[in-house]
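One structure is given below, encoded as structure tokens.
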Amino acid sequence: MSLFKDLGLNDWLADQCTAMGLSKPTPIQLQCVPHILQGDDCIGCAKTGSGKTAAFALPILQKLAEDPYGIFALVLTPTRELAFQIAEQFSVLGKPIGVRVTVITGGLDMMKQGIDLSVKPHIVISTPGRLADHINSCKTFSLKRIKFLVLDEADRLLEDNFGSQLEEIFKVIPTKRQTLLFSATMTDTIQQLQEVSTNKPFFWQQQSSVATVDELTQTYVLMPADLKDAYLIHILQKCTTENNKGSIIIFTSTCKYTQIIGMICHELGFPTVVLHSMIPQKQRLAALAKFKSNQVQILIATDVASRGLDILTVDFIINHNVPNRQKDYVHRVGRTARAGRGGLAITLVTQFDIKLVHAIEEFINTKLTEYKTVEKEVMEILTEVTVARREAEIKLDEQDFGEKKAINKRKQLILEGKDPDKEGKKSRRSKEEKEAKNKKYKERFIGKKKKKQNR
Ligand code: AMP
């Protein structure tokens, strides 16, 4: 059996792993740590919950201890919650050397963050947008001497809309550095990932034909779209009866849905916390803390919570919608069955989702099995659920939920130094242009069809 010391890690770090309760390295740590210690760039690709964070935090801390200065390493990650989680691991593992870790994410006081950055923390963990803002607005810190750049959930950082923010960041970091890229799912982006690495990277991918872990039971429930909420409540009743202390995450497609389902659950006697991007960051962290400490059993969230969040005791994942991207499914269900524990994922499938489910099954190389529900019991709660939903929608309308979203968008534009009225016009124009294009395309298409039929 390999031990942490065998990876080339110093005693203090190996001891700290033991103190944290980590008895032996996971495969990704076994493979990547020695290469990172040697000075190689690295691309690590492994299932969620595989110990990726420690795989980069351990060698970075060892190198930091040899030559401590700030800012030594920059870790970029797509979501704010992940940033805090990574920071926690760095802080615990690096406690013996008094490591200074700073988290820079949106939703928190920028002035305070500016001060935190100016006192030269060793490790900065950040979401790209907020860091780019700091780079543009304050000159009290420098990233010129960083030794390590880590892109956590690298595929999402490179695929989603972080491009321009990453560009800003790449302008101010040295080209001579070690670049470490980690992700649970990697597809075509690997090529891109290798390009941003300055040296030829060590590449390691966990060998598995199945993208999800064996301990996870993956199921579906087929239902008519208009009965979805009633089925959801029925499933919640079943899960909480089966395991009255079990934790449940319900994933939804939009912030508004998250809010509505939270209100329905509340009305029907299921205390929940909600997590989505329209909630202030402090409340997001508080909701997560309540869920993590088991004060509340049910978390309802958008995909903001689907990546990397490490909550060991999640027993059930319920997908209220079938994710469009297969990778998102893998990330969502990866919140359960972590570190060798069992877990159950239940995906609600309507008549409109069949194709998506097949694509997911192909992607994970596993067939979902049917989760048994009792239709009669669903019908018994249908009226109650429908009333609760109507009430929730009315309440949200009264709270101007949509309007708040628009205000948040305007605030963001102002912060970015843009004119919200002009940008609004631009986006309306581009929407109109898009619609006009679609109309043209449809007309041409229908025209052709008609011609065919006439022939
Ligand atoms: P991550 O993939 O970084 O999100 O890690 C998932 C979980 O695995 C975290 O709770 C870590 O504390 C835990 N972990 C990391 N390394 C090990 C290890 N060597 N043995 C057992 N658990 C670990």
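Derivation of every value follows stated rules applied to the coordinates shown; laboratory data play no part. Bear in mind that the values here come from a model prediction, so they are computed numbers and not experimental data. Glycine also receives a Cβ, built like all others from the backbone with ideal geometry; neighbour counts cover every protein chain displayed.
What to note about this one:
- The stretch between residue 379 and residue 219, if pulled fully straight at 0.36 nm per residue, gains 55.5 nm over its current Cα-Cα span.
- Förster radius 45 Å - calculated FRET efficiency between residue 354 and residue 118, Cβ distance, rounded to 0.05: 0.25
- Computed over segment 4-205, the Cα gyration tensor eigenvalues convert (square root of 5λ each) into semi-axes of 24, 20, 15 Å, ordered from largest to smallest.
- Spin-label pair residue 69-residue 144: with each label point 7 Å from Cα along the Cα-Cβ axis, the two points sit 1.1 nm from one another.
- Cα-based Lys proximity count in segment 216-399, under 17 Å, for pairs eight or more positions apart or on separate chains: 14
- With the simple spin-label model, which puts each label point 7 Å out from Cα in the Cβ direction, the residue 20 to residue 5 separation comes to 1.9 nm.
- Remark: spin-label model distance residue 391-residue 97 equals 5.6 nm, labels positioned 7 Å along the Cα→Cβ axis.
- Three-way shape label, segment 216-399, alpha-carbon gyration tensor, a/c 1.5: rounded
- Computed on segment 325-396, the Cα convex hull volume stands at 159 Å³ per residue.
- Over the Cα atoms of segment 1-81, the radius of gyration divided by the Kirkwood radius equals 0.95; this is the Rg/Rh ratio.
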